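Peer 1: I have a structure here, written as structure tokens, and I will follow up with some questions on it.
Read-outs: derived from the displayed coordinates by stated rules, not from any lab. Just so it is clear, the structure is predicted and the values come from calculations on it, not from any experiment. Note: ideal-geometry Cβ built from the backbone for every residue, glycine included; neighbour counts use all protein chains shown.
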Amino acid sequence: MQRKLDSIIVAMSTTFAEERTISFVPRPTELPLPDAAEFLCVSERYLAELLDSGEVDSRHVGGRRMVDLKDVLDYKERKKNLRLAVLAELVKESQETGAY
């Protein structure tokens, strides 16, 4: 948590130093499927598959599927970490074979 807070403070300081403004916008804690898909930059169909598989939790409210913002952010972070790990492995293999 401290590292996140530090990075936020650094980002804010940099923004202020560039004489740009910062806006704080409240976000809902639950998102309907279309909004969650847009946030993740994936199709609604793909997100529905993630929800059906249990990779991301959701619940039904009325006739709508709702996704907790924390679950969306957690999924996004997991995917980012996976991409970074795969990239690091590719770089390592390239260096070992002399291709890089």
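Peer 1: Within 10 Å of each residue's Cβ, count the other Cβ atoms and sort ASP57, ASP52 from fewest upward. Present the calculation step by step, with values, prior to reporting the outcome.
Peer 2: Numbers: ASP57 14, ASP52 11.
Listed from fewest to most nearby Cβ atoms, that is ASP52, ASP57.
Peer 1: Let me ask something additional. List VAL67, VAL61 from most exposed to least, where exposure is judged by having the fewest other Cβ atoms within 10 Å.
Peer 2: Working: VAL67 24, VAL61 10.
Sorted ascending by nearby Cβ count, the order is VAL61, VAL67.
Peer 1: Another question about this same structure. Ranking request for peptides 78-91, 12-25: highest mean number of other beta-carbon atoms within 10 Å first, then the rest in descending order.
Peer 2: Working: 78-91: 10.6, 12-25: 7.8.
Descending mean neighbour count gives 78-91, 12-25.
Peer 1: So, one more: Nearest 0.05, what FRET efficiency do ARG64 and THR15 give at R0 = 30 Å with Cβ-Cβ as r? Walk me through the intermediate numbers first.
Peer 2: Working: r = 36 Å, r/R0 = 1.19.
Computed FRET efficiency for ARG64 and THR15 comes out at 0.25.
Peer 1: What dipole magnitude, in Debye to the nearest 20, does the chain give about its Cα centre under +1 on Lys/Arg Cβ and -1 on Asp/Glu Cβ? Each step should come with its number before you reach the end.
Peer 2: Details: 15 positive and 18 negative charges, 33 e Å.
Value, rounded to 20: 160 debye.
Peer 1: Scan (i) 16.6; (ii) 13.5; (iii) 14.9 for the value of Kirkwood radius over Cα pairs in Å calculated from this model and give just the label.
Peer 2: (i)
Peer 1: State, to one decimal in nm, how far the label point of LEU5 lies from the label point of LYS92, with both points 7 Å from Cα in the Cβ direction.
Peer 2: According to this spin-label approximation, the distance is 3.3 nm.
Peer 1: Run the count for the chain, please: Lys pairs, Cα-Cα under 16 angstrom, 8 or more apart or on different chains.
Peer 2: On the way: LYS4/LYS70; LYS4/LYS76; LYS4/LYS80; LYS70/LYS79; LYS70/LYS80.
Taking the chain as the scope, the lysine pair count is 5.
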